[in-house]
Structures are given as C-alpha cells and as structure tokens.
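Accompanying notes for the structure given below.
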Amino acid sequence: MRGRAGRRMLAEVRASESTYRCDACGLEVRGAPAGRGLLLFPRGDEVVREEPPLCEKCALAISLTALHRFIEEEEEG
Ligand SMILES: [Zn+2]
C-alpha cells in the first residue's frame with residue numbers, strides 16, 4: 001500500500017515537471033522549473049499557499065527584485 005502510493009506520487013511529480021508554463025511571462029518551458037514564486041492568499045481562517053513555477057529568466061529577475069526591496073527596506077528602517 002505504502003510503496004504503491006509513493007510511486008504514484010513520484011510519477012505525478014515527474015509528469016508535472018516535464019513541461020511547465022512560467023507564471024510570470026507565460027512561456028512554456030520543458031524541464032524542471034528554474035525557481036518558484038511564493039504566493040499566500042488569506043482565505044477565511046487559513047492561508048492558501050501556492051508556488052507557481054518560474055522560468056530561469058523570471059526566477060532570477062524576481063529574486064533580484066526581492067533582494068533589492070529587502071536592501072531598500074533595511075536602509076530606510
Ligand atoms: Zn518567465
């Protein structure tokens with residue numbers, strides 16, 4: 001039982017990573033996502049967490065933007 005469920009989960013992960021659509025630019029890319037965004041949506045009492053896949057270019061751009069904002073906040077703080 002346990003082993004079968006494990007294999008099925010692994011197969012689903014592989015299938016979802018064969019191609020993906022970048023959440024930022026909409027480009028369809030083959031292979032594993034270069035990075036993932038992190039979105040948190042408050043829904044009632046719980047927070048829904050989503051990690052949309054990002055292509056290499058967008059993952060880099062978004063992480064640099066986040067880093068830049070972090071540095072700015074530090075300087076203002
Ligand atoms: Zn992209």
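Scanning the range 44-60 for residues that are away from the ligand (no atom under 15 Å from the Cβ) and outside any loop (DSSP other than H, G, I, E, B) gives Glu46, Val47, Val48, Arg49, Glu50.
Against the criterion of being in contact (Cβ under 8 Å) with a residue 12 or more places away in the chain and at positive phi, Gly31 qualifies.
Within the range 11-21, can one find any residue that is at pLDDT below 70, more than 23 Å from Glu56 (Cα to Cα) and of a type outside the set (D, E, K, R)? Taking every residue of the range 11-21 in turn, at least one turns out to be at pLDDT below 70, more than 23 Å from Glu56 (Cα to Cα) and of a type outside the set (D, E, K, R).
Candidates are the residues of the range 49-67 that are touching a residue at least 12 places away in the same chain (Cβ under 8 Å) and small (Gly, Ala, Ser); the one that is nearest to Ala32 (Cα to Cα) is Ala59. Being part of a strand (DSSP E or B), more than 13 Å from the ligand (Cβ to nearest atom) and surrounded by fewer than 16 Cβ atoms within 10 Å (Cβ to Cβ) holds for only one residue in Phe70, Phe41, and it is Phe41.
The values are calculated or read from the model by the stated rules, or taken from the named source; none is laboratory data. Quantities reported herein were computed from a predicted structural model and do not represent experimental measurements. Note that we place each Cβ from the backbone using ideal geometry, even for glycine, and neighbour counts take in every protein chain shown.
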